[in-house]
Each structure stands twice: as structure tokens, then as C-alpha cells.
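J.: One structure is given below, represented as C-alpha cells, and several questions about it will come after.
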Amino acid sequence: MNVLDMALNIGIVAITLAVLLCAVRLLRGPSATDRVLALDTLYMNAVALIVLLGIRWNTALLFEGALLVAMLGFASTVGLARYLSRGDVVE
């Protein structure tokens, strides 16, 4: 087992733990703002996990998937933030 495999294993475990903690905050968040922040962090962790799995499995297809998840995550976070602050997404 080389250093890259060990680092990938540690990274995958750490990010999986972060995803689980974000899911707990998403379900138990005391306010809607906390839930939106947990959802945004969940998207970032999902992107990191997809990238690490792309490195592990040596495929470029997962990097494109990570880019799509990042773009959709950003758009949904902006939409939810606008809805919570103004009550309307589109003016």
C-alpha cells in the first residue's frame, strides 16, 4: 500500500464523516438558515468525495460529475438564500 492509497482512504473516511454530520445538521437544524448552510456544506463535501473517488478509480467521468454537482449546489444555495431573505427567488 503506497502513500497515495493511504491518503485517499483517510480522505474518503473523513469526508464521509463530514457528510454524515452535515446530514444531522440538515435534519436537526434549529433554523432554516442553519439548514441552508448544512445543505451548502453537504454539496461541497459531495464534490470532494466525488473527486477523491475519481482519483481512486482513475476515471475522468467522475470529475465532470463533480463539476455538475458543484454548479447545481451553487445555484440551489443562491436560490434558497434569496428565498429566505426576500421571500421570492425571481424578481
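Bear in mind that the values in this text are calculations on the coordinates, not laboratory data. On a predicted model such as this, the values are computed, not experimentally measured, just so you know. Here the Cβ is made from the backbone with ideal geometry for all residues, glycine too, and neighbour counts use every protein chain on show.
J.: Measuring from label point to label point, each 7 Å out along Cα→Cβ, what is the ALA75 to TRP57 span in nm?
T.: So the two model labels end up 2.4 nm from each other.
J.: If you don't mind, another one. How large is ³J(HN,Hα), in whole Hz, for each residue of the stretch 21-34 in order, when computed from phi with the Karplus curve 6.51 cos²θ - 1.76 cosθ + 1.60 and θ = phi - 60°, using x for Gly and Pro?
T.: Here the 3J(HN,Hα) series is 5, 5, 5, 5, 5, 5, 7, 10, x, x, 9, 5, 5, 4 Hz.
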